[in-house]
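Everything below concerns the one structure shown next.
What follows draws every value from the coordinates through simple rules; no lab data is involved. Everything quoted here is computed from the prediction, not taken from an experiment. We place every Cβ from the backbone using ideal geometry, glycine too, and count neighbours over all the protein chains shown.
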Amino acid sequence: MNKYLLYPGCSMESSGKAYGESINAILEPLDIQFEEIDDWNCCGATEYLGINLIPAYSLIARNLALASRQSAAQMDGTRTVVAPCSACYLNLAKADYYMQERPSLGVKVNEALAVGDLQYRAGTLDVRHLIDILVYDVGLETIRSKVVRPLHGLKVVPYMGCMLPRPDYQHRWSDHEHPTELDDLLRALGADVIDYPLTTSCCGGHMTQIGPETAFELIRRLVADADERGALLMATVCPMCQMNVDAYQNEMNQYFGTDYHMPILFFTQLMGLAFGRKPEEVGIGLELVSSRNALASIGVEVPVTQEPMAPRQKDEGLPMPRRWTKHEGKEAVK
Amino acid sequence: MPHMTDERVRAGLSREEDLSLLQEVSMKTAGVSHLEMCIQCGTCGGSCPVAMDMDHTPRMLFAMLRAGMRDEVLRSNTPWICVSCYHCVVRCPQEVHIADVMYTLKSMAIHEKLYTDSTAPHFSQTFVDMIETFGRSYELGLASRHYLRHFPLRLPGMMPMGFGMITKGRMAITPKKIKHMDQLKAILKRAKQLELTS
């Protein structure tokens, strides 16, 4: 039995719901026990750090303080906090590291935490990502032994994203730019893993919200390269990457006048399928770019769910603002 | 103490070298920034996936910091375009915490109101407002406030996406709130006081 403290992160209950559902589906077969950090708060994503330093780190550290208190309260308390979201993982790891690298930061953060009757001694917890514990604690052999429906023939590119392997304060990953953990895990499920040099390229992060032209180009590169390599599916470890590639793919296609259809699923959804779970038990169908055809290629039937409305194609009916396109984009926003 | 060297006189420079801006940014950055160690090699700009949209590459921006060009640096869009992918950070031979320096520059630009495009600062501020109210992020509130303000013309094209996210239960209508919101508020209030005194 492997036991850990869990920091789920905000997206697990909303945009990344499929991740949360599929994680729950693989815990039992892998004999993992998660104990959620009680009353955890948002980590601030990439937003708070750019506004106020001490409040941003205090916000993150409140979670570390709650986790260390919860860990200390148990006889067999684990010191490992698992974050399935790459941005949460990075923020927690970053606060833990910088509070040690720059002790004055740690002092101030603890002064703020003290108002809430909390404290955190940096270095007391291990902050790790979900795929880290799956590959290095549970092990690929155990994962392989649980596979009852190998994903033979599923052409998939492994997409690790950027905030997981970098900056890597604790040297946890095989490489900063071309890590192989996700490749190895997908291969253990029997999938036909396609080499993907863009595996740690950026999905655009929050730029889909604040600078869409910048983000669309980054999404296009990822999707176009996966498509050229013959992939039917991308597998991700991060809710932000999933959200950007999935939910903004339609808008990206409109912007460039392209017609890509590249579904992106969480790696845990593929694990669930390989472990014999039904597609609907692991959140398949929640993606906006449907993975039905990709999964049909290996004989997995996905029940039809309601598809989102198709965008209006012709200029008819009520006058509408002009469509956002690459050439008109800049004028249209102003 | 900085002083007028012969080299600076020969180069036609009228000011003595002033590293106060560089030091200020370095001190305000989390961790040990290593900013002073930059050797202007340009690996950062060459590694950046979004350099084409930046006013200045990170290398250029760091040279400007050393030159004390406060206004130009804080008005640059570079920190706002940075996507925090950390490619430059792992490649930098001097281990400059480049992404964290960008966060520092953003917060300085916000405090001095020197950004040129308000889209990104408003987005960050709206996100933080949600956290300071609920303790959790609230995507629907954030998205609707942000898009109505900054991208009203994107909304029609985004309808299918928003509709899909809501019907699939991937975007909650109501926010989630943590139990001990008072505690979090008190911590953040104290943290903001500490920020001002540092």
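Identify the residues of region B:153-188 with backbone N under 16 Å of a label point that sits 7 angstrom from the Cα of A:D39 along the Cα-to-Cβ direction, or state none. Residues B:177-188 qualify, since their backbone N sits under 16 Å from the label point. Amide H to amide H distances under 5 Å link A:E35 with A:Y4, A:L5, A:L6, where only residues 5 or more positions off or on other chains count and H is placed in the peptide plane. Rounded to the nearest 0.05, what FRET efficiency is calculated for A:N293 and A:N24 with R0 set to 35 Å and r the Cβ-Cβ distance? Step by step, r from the Cβ atoms, then E = 0.85.
Mean residue ellipticity at 222 nm from the helices of chain B, using -39,500 (n - 2.57) per DSSP H segment of n ≥ 4 over the full residue count, to the nearest 500 deg cm²/dmol?
Values: 12 runs with 115 residues, N = 198.
After summing the helix terms and dividing by the residues of chain B, the value is -17000 deg cm²/dmol.
Modelled label positions at A:D31 and B:R10, each set 7 Å beyond Cα in the direction of Cβ, lie 7.4 nm from each other.
Of all the options A:V115, A:V157, A:V135, the one that moves most in a Gaussian network model of chain A with Cα springs shorter than 10 angstrom is A:V115. Taking R0 as 25 Å, what's the FRET efficiency between B:D18 and B:T197 from their Cβ-Cβ distance, rounded to 0.05? So the FRET efficiency works out to roughly 0.50. Once the Cβ-Cβ distance of A:R69 and B:L140 is raised to the sixth power relative to R0 = 35 Å, the FRET efficiency obtained is 0.65.
Distance between the C-alpha centres of region A:169-185 and region A:95-168: 12 Å, rounded to the whole angstrom. Counts of other chain beta carbons within 10 angstrom of each beta carbon in peptide B:173-185 average 3.
222 nm [θ] for chain A, helices only, -39500 (n - 2.57) per DSSP H run of 4+, per residue, to 500?
Working: 14 runs with 134 residues, N = 334.
Counting only the DSSP helices, I get -11500 deg cm²/dmol.
Measuring between their Cα centroids, region A:234-284 and region B:21-38 lie 39 Å from each other. Compared with the dominant Cα axis of chain B, that is its longest principal axis, helix B:139-150 is turned about 60°. Among beta bridges from DSSP that stay inside the protein assembly as shown, the antiparallel ones total about 0%. Using a Gaussian network model of chain B in which every pair of alpha carbons under 10 angstrom is joined by a spring, one finds that among B:T126, B:T174, B:T116 the greatest mean-square fluctuation is at B:T174.
Taking Cβ separations below 4.7 Å as the criterion for a possible disulfide partner, the isolated cysteines in chain B are B:C38, B:C41, B:C48, B:C82, B:C92. Placing a label point 7 Å from the Cα of B:Q94 along the Cα-to-Cβ line, the residues of region B:47-61 whose backbone N sits under 12 Å from it are B:59-61. Among B:R170, B:R15, B:R59, the largest mean-square fluctuation in a Gaussian network model of chain B (Cα springs under 10 Å) belongs to B:R15.
Taking amide H atoms as placed 1.01 Å from N in the peptide plane, the amide H of B:C92 has no partner under 5 Å among residues 5 or more positions away or on other chains. Cross-link check: pairs A:K155/B:K168; A:K3/B:K106; A:K3/B:K192; A:K94/A:K146; A:K108/B:K179 evaluated at a Cα-Cα cut-off of 32 Å; pairs beyond the cut-off: A:K3/B:K106; A:K3/B:K192; A:K94/A:K146. Counting only the backbone N, which residues of region A:94-126 are under 18 Å from the spot 7 Å out from the Cα of B:D182 toward its beta-carbon? It comes to A:113-118, nothing else.
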